[in-house]
Amino acid sequence: MSDSYATLIEPVKTHRDARGALFEPLSDAELAAQKNVHVVLTQPNEVRGNHWHLWATECSTVVGPCLVRLKEPTGIRDVEVPAGEIWRFTIPPGVVHAYRNTGDTVMVLVSFSTNLHDPTGSDLRRETIL
C-alpha cells in the first residue's frame with residue numbers, strides 16, 4: 001500500500017481468531033471529528049460510490065476483496081483490496097471514489113464523513129468512474 005497526493009491508503013489493525021475479525025476503523029481523535037457514519041453492504045460485482053464531495057473528507061474502511069477506483073488530481077488509480085484484508089481510505093474533497101465488490105459474498109464498507117448527512121446532496125457530486 002502507498003499513499004498518493006490525494007488519498008491515504010492504509011491497512012487497518014485487525015484482531016483475528018476462529019470467530020472472525022474485529023477492527024476499529026478510526027482512532028478516538030479521528031472519531032471525534034466525524035459528523036456522519038454509514039455502513040454499506042454490497043452484493044457481488046455491484047458498485048457503490050461513483051461520487052465526490054465538495055467539502056467533506058470521507059474515511060472508508062472496506063473488507064476485501066474489493067476494487068477501489070480513485071480519480072485523483074494525478075489521474076485514475078485502481079487499488080485491489082485482497083480477500084479478507086481490511087484497508088482504510090481517507091479521501092479528501094474533490095477525489096472521485098467508487099468501490100466494486102469483486103468477491104462472491106456481501107462486501108462490508110464502513111464510511112465516516114466530516115459533514116452531516118444532507119439529503120439534498122449539496123456536498124455530493126455524481127461522477128461514474130467504475
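The values are calculated or read from the model by the stated rules, or taken from the named source; none is laboratory data. Computed from a prediction, not measured in an experiment: that's the story for all the values here. Backbone-built Cβ (ideal geometry, glycine too); neighbour counts: all protein chains shown.
At a glance:
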quantity	calculated
Any hit, segment 22-39, residues being in contact with a Phe, Trp or Tyr (Cβ under 8 Å, 6 or more places away or on another chain), in a loop (DSSP other than H, G, I, E, B), among the charged types (D, E, K, R) and modelled with pLDDT under 95	no
Any hit, segment 11-28, residues being hydroxyl-bearing (S, T, Y) and either surrounded by 15 or more Cβ atoms within 10 Å (Cβ to Cβ) or in contact with a strand residue (DSSP E or B) (Cβ under 8 Å, 6 or more places away or on another chain) (or both)	yes
E58 being closer than 15 Å to E10 by Cα and over 13 Å from the mean Cα position of the chain (by Cα)	no
Pair list, Cβ < 7 Å and 6+ apart or interchain, from segment 89-118 residues that are farther than 10 Å from S60 by Cα to residues that are β-branched (V, I, T) and not in a strand (DSSP E or B)	P92/T57; P93/T57; V95/T7; V96/I129; A98/I129; T114/T57
In segment 99-111, residue farthest from T7 (Cα to Cα) [restricted to those that are surrounded by 19 or more Cβ atoms within 10 Å (Cβ to Cβ) and out of contact with any Pro (no Cβ under 7 Å at 6 or more places or on another chain)]	M107
In segment 116-130, the residues that are assigned to a loop (DSSP other than H, G, I, E, B), in contact with a Leu (Cβ under 9 Å, 6 or more places away or on another chain) and surrounded by 12 or more Cβ atoms within 10 Å (Cβ to Cβ)	D118, D123, I129, L130
Residue list for segment 60-81, filter: among the β-branched types (V, I, T), in a strand (DSSP E or B) and touching a residue at least 24 places away in the same chain (Cβ under 8 Å)	T61, V62, V63, V68, I76, V79
Among residues of segment 82-115, those that are in a strand (DSSP E or B) and among the hydroxyl-bearing types (S, T, Y), counted	4
Qualifying residue in segment 67-85 (condition: closer than 16 Å to V39 by Cβ and touching a strand residue (DSSP E or B) at 6+ places or on another chain (Cβ under 6 Å))	no
Hits in segment 32-54 - residues which are touching a residue at least 40 places away in the same chain (Cβ under 8 Å), among the hydrophobic types (A, V, I, L, M, F, W, C) and loosely packed, with under 14 Cβ neighbours inside 10 Å	A33, V39, L41, L54
Residues of segment 62-73 satisfying the condition of being in contact with a Ser or Thr (Cβ under 8 Å, 6 or more places away or on another chain), surrounded by fewer than 19 Cβ atoms within 10 Å (Cβ to Cβ) and closer than 20 Å to T114 by Cβ	E72
